[in-house]
Amino acid sequence: MRVLSLFVLGCVSVLSAAAQPESDARALVDRAVKAVGGADKQLKLFRIRERLNVSPDPDKKGAERVSVLEPPTAWWLGKRERVKEDKEPATFLVWGWTLGAITDPKSKVEAIPGVKEGDKPAFGLRVSGTVTPPMDLYFDQGDARLVRIDWRADTHRFSAWKEHDGVRYPSKCVGTKKATGAAWYFTEILELERLKELPPGLKR
């Protein structure tokens with residue numbers, strides 16, 4: 001009887017240990033979502049005016065552009081829908097920084113233990129299933145704000161947080177190549193507007 005009890009306890013311990021990472025990941029997702037204003041404030045359909053500098057020179061002015069975004073399925077530049085027409089993968093990066101990727105019920109999210117961003121402690125989340133290849137998101141351990149995304153061949157670092165209509169978002173991002181650490185783009189969101197419906201002239 002004692003042997004059976006020990007066996008049952010052992011099974012329970014193994015199951016608990018297996019479930020722990022999923023539990024940890026869910027708690028970290030909740031922290032990150034709360035840090036931007038809560039699930040009901042997440043950006044799902046919105047317009048941005050940004051300044052994009054695709055070069056290694058941070059002092060280059062870059063060009064302004066206006067986008068309407070509904071990640072991960074649509075991204076309009078003017079009336080051109082980039083996901084269908086250009087197969088633009090960066091819509092998944094937008095889905096990442098708006099936290100839609102880690103809150104989608106179809107996503108598999110795992111905690112990444114023992115991570116730092118620079119010298120600062122951080123926590124990491126790896127999302128897969130809805131994003132290929134898996135995407136790694138890193139958040140500041142103190143305020144739970146997104147600081148970095150590693151995806152495909154690039155690292156994207158976020159800063160300069162702003163707020164609009166109850167949601168907080170990073171307005172600046174610098175992209176670097178993982179292989180070399182060299183910067184290749186700089187972008188800044190100059191204006192952001194949440195949309196209730198698709199603007200006239202645009203079609204899903």
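The values are calculated or read from the model by the stated rules, or taken from the named source; none is laboratory data. Note that the structure is a prediction, hence the values are computed from the model and not measured. Reconstructed Cβ throughout: ideal geometry from the backbone, glycine too, with neighbour counts over all protein chains shown. Heavy atoms of the whole protein, side chains included, go into the accessibility calculation; ligands, DNA and RNA do not. Shrake-Rupley method; radii C 1.70, N 1.55, O 1.52, S 1.80 Å.
On the given criteria, is Pro113 open to solvent by 70 Å² or more (accessible area, probe 1.4 Å) and in contact (Cβ under 8 Å) with a residue 40 or more places away in the chain?
Answer is no for this residue.
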Residue pairs within 8 Å by beta carbon, gap of at least six or interchain, first lying in the range 80-98 and open to solvent by 40 Å² or more (accessible area, probe 1.4 Å), second among the β-branched types (Val, Ile, Thr), listed first then second, are Phe92/Val131
(1) under 20 Å from Leu28 (Cβ atoms); (2) free of Cβ contacts under 8 Å to residues at least 60 places away in the same chain; (3) touching a Cys at 6+ places or on another chain (Cβ under 9 Å) all hold for Ser159 apart from (1)
For the range 27-62, the count of residues that are among the aliphatic types (A, V, I, L, M), out of contact with any helix residue (DSSP H, G or I) (no Cβ under 8 Å at 6 or more places or on another chain) and open to solvent by 60 Å² or more (accessible area, probe 1.4 Å) equals 1
Here the qualifying pairs (Cβ atoms under 6 Å; residues six or more apart or on different chains; first in the range 32-50 and within 22 Å of Arg204 (Cβ to Cβ); second surrounded by 15 or more Cβ atoms within 10 Å (Cβ to Cβ) and of a type in the set (Gly, Ala, Ser)) come out as Ile48/Ser67
Scanning the range 129-146 residue by residue, those open to solvent by less than 60 Å² (accessible area, probe 1.4 Å), more than 14 Å from Val36 (Cβ to Cβ) and of a type outside the set (S, T, N, Q) turn out to be Val131, Pro133, Met135, Asp136, Tyr138
The lone condition Ala179 fails out of (1) closer than 29 Å to Gly38 by Cα; (2) surrounded by fewer than 16 Cβ atoms within 10 Å (Cβ to Cβ) is (1)
Just one listed residue, out of Ile149, Ile102, is under 21 Å from Glu188 (Cα atoms), modelled with pLDDT of 95 or more and either among the β-branched types (Val, Ile, Thr) or open to solvent by 60 Å² or more (accessible area, probe 1.4 Å) (or both), and it is Ile149
